[in-house]
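The values are calculated or read from the model by the stated rules, or taken from the named source; none is laboratory data. No experiment lies behind these values; they were computed from the predicted model shown. Cβ: placed from backbone, ideal geometry, glycine included. Neighbour counts: every protein chain shown.
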Amino acid sequence: MNAVVLAGGKNPLGQGAPSKAFVPVAGRPMVAWVLEALRAGGVARVALVGPQAPLDPAPGLWLEDRGGILENLEAALKALPPGRVLVATGDVPLITGEAVRYLLANAPEVALVYPIVPKEAVEARWPGMRRTYARLREGTFTGGNLFLLDPELFYRALPVARKIVARRKNPLALAPLFGFGALFKLLTGRLAVAELEAIAGRLFGVPMRAMVVPYPEIGVDVDKPEDLAFVVRELEAKGAQG
């Protein structure tokens, strides 16, 4: 299994880092924790898209930031051998090799596997943690920050993906893509996971699966200063214990 790490983009956290993924966390750039987890999880080769800076472990491939999520992902997929890849963002320093291994070992063989984490799993590990959740018929979930992708899907889905990225902050603008009925059911917590998968499969023309995973660290990214303070405390405590 090869992987892509998206480590470009702006840095809203400051601290002199060239991108958010390179902000220091417990003595290392944030993305170094991600690379370590991927290696421990059995990933063979990593293509990192983002600014060049010293990293340990170092990625197998280093690609310049193209300025957008989809553009960066496309560049990395072209640089890797054919086959399904694991895609991760560079701002999830709490992920572990164990979580990566679980995803790779249990993911179904479909074009896109997107992990979702039950709110109960997050609360059990970190009571009171604030995350963005979606209420579905089966429960309340937060989205993961790594997923499995067949490159064939990426190119087929690119036009739709561009529309979704452009409208992602506006649910009403997304309604024509997903359907007003489905959006209403989602907003009222009555949409089932299977319905969500069917809608996504219809949009992109290939089968997709939302995979429930018990590892809350998959759903914890760093967007705000309070997120950064939290992951610093967690990793410093982990280092002190181990």
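Only one of (1) closer than 26 Å to Ala198 by Cα; (2) crowded, with 17+ Cβ neighbours inside 10 Å is not met by Thr132, so which one is it?
(2)
State yes or no: is Leu103 closer than 21 Å to Ala32 by Cβ, at pLDDT 95 or above and part of a strand (DSSP E or B)? Talk me through it step by step, then tell me what you get.
On the way: closer than 21 Å to Ala32 by Cβ: yes; at pLDDT 95 or above: yes; part of a strand (DSSP E or B): no.
Judged against the criteria, Leu103 is not a match.
Among residues belonging to the stretch 48-58 that are surrounded by fewer than 23 Cβ atoms within 10 Å (Cβ to Cβ) and of a type in the set (Gly, Ala, Ser), point out the one that is farthest from the chain's Cα centre (by Cα).
Of the stretch 48-58, the ones surrounded by fewer than 23 Cβ atoms within 10 Å (Cβ to Cβ) are 51-58.
Filter again for of a type in the set (Gly, Ala, Ser), leaving 53, 58.
On the way: Ala53: 22, Ala58: 20 Å.
Checked the stretch 48-58; the qualifying residue farthest from the chain's Cα centre (by Cα) is Ala53.
Residues in the stretch 123-137: is at least one in a helix (DSSP H, G or I) and either charged (D, E, K, R) or touching a helix residue (DSSP H, G or I) at 6+ places or on another chain (Cβ under 7 Å) (or both)?
Yes, some residue in the stretch 123-137 is in a helix (DSSP H, G or I) and either charged (D, E, K, R) or touching a helix residue (DSSP H, G or I) at 6+ places or on another chain (Cβ under 7 Å) (or both).
Only one residue in Val232, Val206 is hydrophobic (A, V, I, L, M, F, W, C), at negative phi and assigned to a loop (DSSP other than H, G, I, E, B). Which one? First the steps, then the outcome.
Details: Val232 fails: assigned to a loop (DSSP other than H, G, I, E, B).
Answer to the check: Val206.
Restricting attention to the stretch 213-223, does a residue exist that is more than 16 Å from the chain's Cα centre (by Cα), in contact (Cβ under 8 Å) with a residue 60 or more places away in the chain and buried (at least 20 other Cβ atoms within 10 Å of the Cβ)? Full working, then the answer.
Step one: of the stretch 213-223, the residues more than 16 Å from the chain's Cα centre (by Cα) are none.
Checking the stretch 213-223: not a single residue is more than 16 Å from the chain's Cα centre (by Cα), in contact (Cβ under 8 Å) with a residue 60 or more places away in the chain and buried (at least 20 other Cβ atoms within 10 Å of the Cβ).
Looking at the stretch 199-221, which of its residues are in contact with a strand residue (DSSP E or B) (Cβ under 8 Å, 6 or more places away or on another chain) and acidic (Asp, Glu)?
Asp221
Go through the stretch 14-67 and report how many residues are of a type in the set (A, V, I, L, M, F, W, C), assigned to a strand (DSSP E or B) and either within 12 Å of Asp91 (Cα to Cα) or in contact (Cβ under 8 Å) with a residue 24 or more places away in the chain (or both). Reasoning before the result, please.
From the stretch 14-67, those of a type in the set (A, V, I, L, M, F, W, C) are 17, 21-23, 25-26, 30-35, 37-38, 40, 43-44, 46-49, 53, 55, 58, 61-63; that's our starting set.
Then keep just the ones that are assigned to a strand (DSSP E or B); that gives 25, 46-49, 61-63.
With either within 12 Å of Asp91 (Cα to Cα) or in contact (Cβ under 8 Å) with a residue 24 or more places away in the chain (or both) added as a condition, the list becomes 25, 46-49.
Qualifying residue count for the region: 5.
Given the options Leu94, Leu80, name the one that is touching a residue at least 12 places away in the same chain (Cβ under 8 Å) and more than 22 Å from Ala229 (Cβ to Cβ). So that I can check it myself, show each step before the final result.
Details: Leu94 fails: more than 22 Å from Ala229 (Cβ to Cβ).
Only one candidate passes the filter, namely Leu80.
Ala198: touching a Lys or Arg at 6+ places or on another chain (Cβ under 7 Å) and either crowded, with 18+ Cβ neighbours inside 10 Å or part of a helix (DSSP H, G or I) (or both), yes or no? Spell out the reasoning first.
On the way: touching a Lys or Arg at 6+ places or on another chain (Cβ under 7 Å): no; either crowded, with 18+ Cβ neighbours inside 10 Å or part of a helix (DSSP H, G or I) (or both): yes.
Criteria not met by Ala198.
For Ala182, all conditions in the list (1) touching a helix residue (DSSP H, G or I) at 6+ places or on another chain (Cβ under 6 Å); (2) at pLDDT 85 or above hold save one; what is the number of the exception?
(2)
When Leu148 is evaluated against the numbered criteria (1) exposed (fewer than 15 other Cβ atoms within 10 Å of the Cβ); (2) modelled with pLDDT of 85 or more; (3) under 29 Å from Ala37 (Cα atoms), which criterion, by number, is the only one it fails?
Only one criterion is unmet by Leu148, namely (1).
Every residue, every condition in (1) touching a residue at least 12 places away in the same chain (Cβ under 8 Å); (2) surrounded by fewer than 17 Cβ atoms within 10 Å (Cβ to Cβ), yes or no:
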position: Glu120; (1), (2): yes, yes
position: Ala166; (1), (2): no, yes
position: Leu177; (1), (2): yes, yes
position: Leu186; (1), (2): yes, no
position: Gly189; (1), (2): yes, yes
position: Arg209; (1), (2): yes, no
